[in-house]
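Trainee: The structure's right below; bear with me while I get my questions together.
The values are calculated or read from the model by the stated rules, or taken from the named source; none is laboratory data. In this text, all values refer to a predicted model and were calculated from it rather than measured experimentally. All Cβ positions, glycine included, derive from the backbone under ideal geometry; neighbour counts span all protein chains shown. Accessible surface areas use protein heavy atoms only, side chains included; no ligands, DNA or RNA. Shrake-Rupley method; radii C 1.70, N 1.55, O 1.52, S 1.80 Å.
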Amino acid sequence: MKKALFLLLIVPAISNAQFKDILTKATEKINAATKSNSGLDIASGLKEALNKGVTEQVSKLTATDGFYKNAAVKILMPEELSKVDKTLRKMGLSKLADEGVLALNRAAEDAVKEATPIFVSSIKNLTITDAKNILLGNENAATLYLQSSTSAALYAKFSPVVQKSIGKVGADVVWNTIIKQYNTIPFISKVNPDLVDYTTNKALDGVFKMITVEEKNIRTNLNSRTSDLLRKVFALQDKK
């Protein structure tokens with residue numbers, strides 16, 4: 001009885017302000033936990049989406065004709081060599097010109113095989129803040145994230161592979177023949193392009209172009225969200 005009386009006396013001593021303060025702190029903790037879990041879900045969902053893009057699109061580029069028979073990313077002669085292409089074809093050397101283009105695409109297909117580990121590392125480092133910005137960003141925000149975080153490493157990895165592949169597929173011989181043939185034509189400006197740099201950059205362009213395709217697909221096509229996590233996370237984007 002005395003305990004009950006004591007409680008009745010002390011409870012009114014807790015002011016409304018104190019009670020509100022306790023309630024506010026409890027609410028803040030709940031909200032923080034909710035936001036944290038939501039952030040983790042978003043990060044996990046974006047990582048899954050990026051991995052899906054790499055697996056389903058970048059891997060296609062590594063196959064034979066992955067570049068050569070894909071009009072969106074096919075590597076053509078460098079712009080400054082368009083006159084070389086036209087001249088060779090006028091001279092009845094269309095086959096040689098075609099072989100030169102094929103060789104560049106084969107080198108790119110070889111190089112892209114080096115991309116996946118670099119992408120995987122970048123995706124693992126995706127933060128919750130990165131993920132939220134990507135999810136609520138433009139339709140290519142995920143691609144831009146990968147581009148900014150991997151381009152330098154990819155170029156460093158691609159370039160020696162392209163150089164080696166150009167020799168392996170005989171592109172060096174083909175292109176030496178093309179350049180030599182063209183440079184023997186009277187009254188023309190001689191050319192000597194850096195094919196390794198050109199092909200490396202075109203390979204990078206192709207990689208990010210295909211990732212953009214997959215990202216747009218996941219963002220706009222509900223059927224492409226092939227897991228509960230993707231459906232849950234990208235539903236947040238649909239509401240923005």
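Trainee: For the range 48-180, place one equal point scatterer on every Cα, skip the solvent, and apply the Debye formula. What is log10 of I(q)/I(0) at q = 0.14, 0.15, 0.22 Å⁻¹?
Mentor: -0.72, -0.79, -1.27
Trainee: Figure the gain on full extension for Ala152 and Val173 (residue separation times 0.36 nm, minus the Cα-Cα span) and round it to one decimal in nm.
Mentor: Additional length available on full extension: 4.7 nm.
Trainee: While we're looking at this one, here's another question. Find how much the distance from Asp98 to Lys164 grows on full extension, using 0.36 nm per residue of separation minus their present alpha carbon separation; answer in nm with one decimal.
Mentor: Result for the pair: 21.7 nm of gain on full extension.
Trainee: Enter the Cα centre distance for the pair the range 192-219 and the range 134-176, rounded to the nearest angstrom.
Mentor: With the range 192-219 and the range 134-176 each reduced to a Cα centre, they are spaced 6 Å.
Trainee: What number do you get for the range 87-126 when its Cα radius of gyration is normalised by 2.2 N^0.38 Å, N = residues?
Mentor: Its radius of gyration relative to the 2.2 N^0.38 Å reference: 1.96.
Trainee: Another one. Put a dot 7 Å past each Cα toward the Cβ at Ala72 and Asn221; how far apart are the dots in nm?
Mentor: 0.9 nm
Trainee: Now a separate question. As an exercise, find the ratio Rg/Rh for the range 105-240 from alpha-carbon atoms, using the Kirkwood inverse-distance average for Rh.
Mentor: 1.15
Trainee: Over the Cα atoms of the range 106-168, what radius of gyration and what Dmax do you get, in Å?
Mentor: 14.1, 45
Trainee: I'd like the accessible area for Ser122, computed on protein heavy atoms only with a 1.4 Å probe and all protein chains in place. Round to 10 Å², please.
Mentor: 10 Å²
Trainee: Here's something else I'd like to know. Rounded to the nearest 10 Å², what accessible area does Tyr198 show when all protein chains are kept and the probe is 1.4 Å?
Mentor: Approximately 40 Å² of Tyr198 is accessible to the 1.4 Å probe.
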